1. Quick check: net charge around Ser51, other residues with Cβ under 15 Å of its Cβ, Lys/Arg +1 and Asp/Glu -1?
2. With a point put 7 Å past each Cα toward its Cβ, work out how far Ala82 is from His38 in nm, to one decimal.
3. Which of the listed residues, Ile139, Ser89, Thr68, is farthest toward the dipole's positive end in the chain, when Lys, Arg count +1 and Asp, Glu count -1 at the beta-carbon?
4. How big is the chain along each principal axis, measuring the range of its Cα positions in Å and listing the largest first?
5. What's the longest piece of the chain with no exposed trypsin sites (Lys or Arg not before Pro), counting a site as exposed if DSSP puts it in a loop and it has at most 14 other beta carbons within 10 Å?
6. Do any GluC sites (Glu not before Pro) in the stretch 32-88 lie in a DSSP loop with no more than 13 other beta carbon atoms within 10 Å, and if so, which?
7. For a test of understanding, tell me how many lysine pairs in the stretch 2-135 have Cα atoms under 14 Å apart, given they are 8 or more places apart or on different chains.
8. Between Gln107 and Leu19, what is the spin-label point distance in nm, taking each point 7 Å from the Cα along the Cα→C-beta axis?
Amino acid sequence: MSRKGNKPVVTVEDKQAFLKSIRLVAVRLVSAECKVEHERYFALLDDREKSSVSISSEYQLRDLTKKTFIVEGSFRWTATNAKNETGLSLGCVYQARFHADDALAHQKLAKEFAHSEMRLILWPYFRQFAFETSARMSIPPITVPLTTELEAT
């Protein structure tokens, strides 16, 4: 890592070395919640033109030590009607633990990794959560898109 004045400058080589050193150790579900209003939800399915679905995700760097860091992903899928009444809501939080060379010294890179790469790792867990949880709620299973394109901005 080079310096520009008093501030460290991350070089391309530093970033590449850090990314190569990252090893996924564990993924865990931290919390989950779901709620369905069956009559309202089935009415939403019958009148899809007046209903809306929103999907959101947020990724944050949590714990950072010399050799490890944890990234948390929060996810939500909500279906509402024209009156903005919720028919179905699913939410969950996953954490991923990583080992990395000198993670503490590369806090900026770890944070950048959390905000850019984590969707590739945690999004499939959210998709599986939504599908399996909705299937157990006596409603047609929800298929979350393969990408985060439909997320509310």
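What follows is calculated from the coordinates using simple rules that are stated; it is not laboratory data. The structure presented is a predicted model; accordingly, all values stated were derived computationally and were not measured. FYI the Cβ positions are ideal-geometry reconstructions off the backbone, even for glycines, and counts take in every protein chain you see.
1. -2
2. 2.6 nm
3. So the residue we want is Thr68.
4. If we take the Cα atoms of the chain, the spans are 61, 28, 21 Å.
5. 1-65
6. Glu85
7. 6
8. Placing both labels 7 Å along Cα→Cβ, they lie 2.3 nm apart.
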